Structure formats: C-alpha cells, structure tokens
1. When each pair of different Cα atoms in the stretch 111-158 is counted once in the 1/r mean, what is the Kirkwood radius in angstroms, to one decimal?
2. Of Gly140, Leu124, Val158, which is farthest on the positive side of the dipole of the stretch 99-158, counting Cα position, with +1 on Lys and Arg Cβ, -1 on Asp and Glu Cβ, and the Cα centre as origin?
3. Which loop-located GluC sites (Glu not before Pro) does the stretch 33-90 contain, where loop means any DSSP state but H, G, I, E or B and the Cβ has at most 11 other Cβ atoms within 10 Å?
4. Going down the table (Lys21/Lys75; Lys131/Lys207; Lys112/Lys134; Lys9/Lys157; Lys21/Lys157), which pairs top 29 Å between alpha carbons?
5. Among Ala104, Ala116, Ala96, determine the one that fluctuates most according to a GNM of the chain built with springs between C-alpha atoms less than 10 Å apart.
6. Taking all protein chains as present, what is the carbon and sulfur share of the accessible area of the chain, in % to the nearest whole number, probe 1.4 Å?
7. Tell me, how many Å apart are the Cα centres for the stretch 47-105 and for the stretch 129-173?
8. Give the accessible surface of the chain per residue, rounded to a whole number of Å², with probe radius 1.4 Å and ligands, DNA and RNA excluded.
Amino acid sequence: MISAQNINKSYGDLRVLKDIKIEIGDHEIVSIVGASGAGKSTLLHVLGTLDKADTGEVYYDELNLETFSEPELAKFRNKNIGFVFQFHHLLPEFTALENICMPAFIAGVDKKSAFAKAEELLKLMNLSERKDHKPSELSGGEQQRIAVARALINEPKVVLADEPSGNLDSDNSQDLHRIFFDLRDRLSQAFIIVTHNNQLAEMADRKLFMKDGEIVAPE
C-alpha cells in the first residue's frame, strides 16, 4: 500500500536518511525502532508528506506523491493519512468532540456528519462521557486517545504515530497499545509507529531497526 524507494534526506552537511527503501502492506502494523538521531521521525515525516525527501519517491497505492502539487498533497494527506504525535496538540479552547472533528471540517464534511462520526470514535475509545470536556479537563491518557480519534475521523488508509506513548505512564501506555491493535482489527487501517517502547515494538507485525539513517538488520 505504501512504497518508498531510495529516500535520501539531508539537513546541511548532515545526511539523515540514506537510500531508504520500505514497503508497508494494507492493514499492517510496523514499528520503527532505533537510537535517538537514527532518522526515525524524519522518515515518518517523509512518508506522511510533512517533509520532502531530497531524492527518492513515495507511492501510495501506486500514486507517485512526488508528482503532486502542495495543495494536492495537503488534500491527499487530510483524507488518507492520520497522525498521532508524542504531544497530543489538541486545541485548548475546543471540546474533545470538536477537536476530533477538526480534520473532517477541513475536508469539508458537514457539522452534523462530523459530530456523528466523532461520537462513534469517542464510544470506541470509551470516552463518550468526556465529549464536552476541554483538554485541560482530561488526563494525559484521555488526551492521547482523543488525538487518536482525531487521526481516524477521515478514515485514513494509514496512521503514522511518532512516540505516541512517550508521555504516558505504563498503564496508559498499555491501554494505548491495545487500542492500536483493536483499531486495526475493527477499522482495517495500517499503522507505522516510531517508538522507544519495546513492548509496543514487539507487538507489531514487523519491527524495523534504524541506525545512522539506514534500515539495518537487528544486532
């Protein structure tokens, strides 16, 4: 479903990604692990079209995203890719329900339909009773689950998660990990997860190791 070929990325004289080749199948959960500075987050940003490779190509279902204009990329990203980051980035002035709806509003979905879909996701996250609460009224684990629901509102083909449990305690981390796999089974998304959490990495269908900007065999 996703194919990246010969991806290279540098910042000045620092070569961050070196001839990366990666393929992700439909409904697959792939973890990417490695030391800080190995290039994991940069790769995730390139795959998610948040950053552009210096050379190489990224395909989604055989669509070459290198041929897309910036407006076309933004529209494609909004519809096909969900993002979950270490910091939830919820908008503090809006409720949980409204935060979840934001990508749908950007896509032009009407308010009634967006709210209905968001309420379905809140139920899936066991947070229906928290829909009218603002982020400051939610625990860290609840905020992150709202961020996951927001990533799913447009029914993307893939969810990219960058250290999604990095700011959570062990209990909330385990809950979030279970949610990812439950969502894959229920909604059929693929997940690419950058993580330092060994438990989450080992649960994935496939674990990739990065070192010095390359995908390498485990030591």
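1. Working: mean 1/r = 0.0907 Å⁻¹.
Answer for the stretch 111-158: a Kirkwood hydrodynamic radius of 11.0 Å.
2. Value: Val158.
3. Values: sites: Glu57, Glu62, Glu66, Glu72; in loops: Glu62.
Filter output for the stretch 33-90: Glu62.
4. Working: Lys21/Lys75 25 Å; Lys131/Lys207 35 Å; Lys112/Lys134 20 Å; Lys9/Lys157 25 Å; Lys21/Lys157 20 Å.
Going by Cα-Cα distance, Lys131/Lys207 fall outside the 29 Å limit.
5. Looking only at Ala104, Ala116, Ala96, the largest GNM fluctuation is found for Ala116.
6. On the way: 5240 of 10740 Å².
C and S fraction of accessible area: 49 percent.
7. 16 Å
8. Numbers: 10740 Å² over 219 residues.
I get 49 Å² per residue for this part.
The values are calculated or read from the model by the stated rules, or taken from the named source; none is laboratory data. Everything numeric in this text was worked out from a predicted model, so none of it was measured. Note that each Cβ is placed from the backbone with ideal geometry, even for glycine, and that neighbours are counted across all protein chains shown. The accessibility values were calculated without ligands, DNA or RNA, using every heavy atom of the protein model including side chains. Shrake-Rupley method; radii C 1.70, N 1.55, O 1.52, S 1.80 Å.
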